[in-house]
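Report on one structure; see the data block that follows.
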Amino acid sequence: MPRAVARPADAADVQALVRWAAAAGVPLIPRGAGSGMAGANVGEGVVADLSALAPAVVVSATGRTARTAASVPLGALNAAAAPYGLRLPPDPSSGAWATVGGVIGTNAAGPRSMRYGSVRPWVLAAEVVTAEGEVVELRRGESVAAGVAALRRFAEEAAPAILAARERVVARWPRVRKSSTGYALDRWLETGDVLDLVIGAEGTLGIVTAATWRLDPLPTHRAALRLTLRRLEDLGEVIPMLVARRASAAELLDQTFLRIIRETPAARAVGISGDEAGVVLVEFEGRSADEVDAAARAAAALAGPMGCDAQLALSPAELDALLKVRKAASPILAALPGRRSLQVVEDACVPVERIGEYVAAVREAAGRRGLDVVIFGHAGDGNLHVNLLPELDRPDWPAQVAGLYEEVTAAVVALGGVPSGEHGDGRLRAGALPAVFGEEIVALFRRVKHAFDPRGILNPGIKVDPSGPPVARLKAAPDAAPIPDDIAQALRRIEREGGYAEDRLALADGAGVQGPGSRV
């Protein structure tokens, strides 16, 4: 069926829209409530655009909490908390425009997740509209109303099966520092909170319309360290050392990316030449200058024998400038002539001690196919981003990209990792879940999905039972979905300029769906 757009204005509108879709058997694709980057924003059905929800933020300074609508950008939440000396520590690079609903939906993370974790433990409660149009408040540590159909089915049908398989789940679960792969059965077994299953579910179990957050005091002191690597493979030794020293961030920029950015003012200011094998930008923060300085100096002293040149003189201002360049990696790469930056092999997370092996596997697989890759991101968590830069005049590039995805995914599984550390599975990676967890645990995922969404209307094909090949209809490929020229040019402009806060739906007139709760 053709895609259409509905813009509910409040939770009651979302409730009415879901009930209409359930009755009509129409798939809903929540936008702004958990559609990740990995093919989760595409699919046939009605896009439930939550941007019309009132962007409310209420901060409690005494309780160190904030209540937000799902439509609020993460940056706005932190801006509202800052006057009270508070913040939400996890800081996705997309935080300026990423909505908190999407952040919850993907269990998002960021550079400082190395110390503070992903967003899951920072969510105290979420208002959720179920697939049957019931509204429920899921609170951490509290039992939920048994009268809600989805929760009753979960308690009767899914929970006993998960509990019976506890030993198998614990034994098979990947030992990584963060994950947005699958449903968080491991976390639910620890806490018993259904909230933990909804977080990271990519809108497949319900639509988040509001949330309550735990906040943390802003740190008063920071120290910065730049480590220049002689070999990327040395990361496997360096990163565990930084984790032990409680660094708050460790961001990698590989040689390919350094050569691209070496003419930027930020890179020139700190002497980036582009000849380095890689640079790790390390941050320490806390409430004592002596504490953070001592941690940075200890790390610098240990880094030398591990094959790194350490520079302690990097000021917080210089670090911020380089981190700004790091956060702008995607638009920088999107602007390269004759290439198309693709996030396909993009978001894997492996045990930190095996990060060097992962880098080697990616480079070897790309080299065999003649594909250029850029590796950057959250080395402190073992979560590296890989952007592919195929030459578009090569007729075989789509096939080579698909082959690279298959090979690198197999390497991630062999290393004990997960395909997604923070962006979600989507349709791209859902098919890899049996290799990661085994069929028994994937069957438990299906039980969870059926309990919450028996008609399968919420983001179908994401997390479980995707249809079609994982790598299909790549942008710029011959079989890509046709887009009118004016819209295609506007999308490329957004990609090159990093203007992701711009409403892409506003680029097209688009016929909307006339259903309950619609704002067309």
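The values are calculated or read from the model by the stated rules, or taken from the named source; none is laboratory data. Model, not experiment: these values are computed from the prediction. No Cβ is skipped: glycine too gets one built from the backbone with ideal geometry, and neighbour counts run over all protein chains shown. Keep in mind that these areas ignore ligands, DNA and RNA; they rest on the heavy atoms of the full protein, side chains included. Shrake-Rupley method; radii C 1.70, N 1.55, O 1.52, S 1.80 Å.
Give the residues of segment 458-474 whose amide nitrogen is closer than 18 Å to a point set 7 Å from the Cα of Glu44 in the direction of its Cβ. In segment 458-474, the label zone of Glu44 (backbone N under 18 Å from the point 7 Å along Cα→Cβ) covers 458-462, 465-470, 472-473. Axis of helix 316-327 versus longest Cα principal axis of the chain: the two differ by about 50°, to the nearest ten degrees. For the pair segment 442-504 and segment 319-391, the centres of their Cα atoms are 21 angstrom apart. Within the accessible area of the chain, the carbon and sulfur atoms contribute 53%, probe 1.4 Å, all protein chains present. Charge tally for Val270 (other residues, Cβ to Cβ under 15 Å; Lys, Arg +1; Asp, Glu -1): -3. Based on DSSP H segments of at least four residues, each scored -39500 (n - 2.57), the chain has a per-residue ellipticity at 222 nm of -10000 deg cm²/dmol. Counting only residues at least eight positions apart within a chain, or on another chain, the lysines with an alpha carbon under 26 Å from that of Lys178 are Lys324, Lys327, Lys449, Lys463. Extension gain for Val58-Ala298 works out to 82.4 nm (0.36 nm per residue, less the C-alpha to C-alpha distance). In this structure the chain gives 38 Å² per residue of accessible area when probed at 1.4 Å with all protein chains present. Summing Cβ point charges (Lys, Arg +1; Asp, Glu -1) relative to the Cα centre of the chain gives a dipole of roughly 360 debye. Relative to one another, the C-alpha centroids of segment 121-142 and segment 174-226 are positioned 14 Å apart. Projected label points at Ala82 and Asp503, each 7 Å from Cα along the beta carbon direction, are separated by 2.5 nanometres.
Relative to the longest principal axis of the Cα atoms of the chain, the long axis of helix 235-244 lies at roughly 70 degrees.
Counting only alpha carbon atoms, the long axis of helix 439-452 and the longest principal axis of the chain meet at about 50°. Were the residues from Ser273 through Arg259 laid out at 0.36 nm apart, the gain over their Cα-Cα distance would be 4.3 nm. Taking amide H positions as modeled 1.01 Å from N, with prolines and chain starts lacking one, the residues under 5 Å from Val119 and 5 or more places away or on another chain are Ala108.
Taking 0.36 nm per residue of separation and subtracting the Cα-Cα distance, full extension of the segment from Asp216 to Glu167 would add 14.2 nm.
Using Cβ point charges alone (K and R +1, D and E -1), the dipole size of segment 147-303 about the Cα centre works out to roughly 80 debye.
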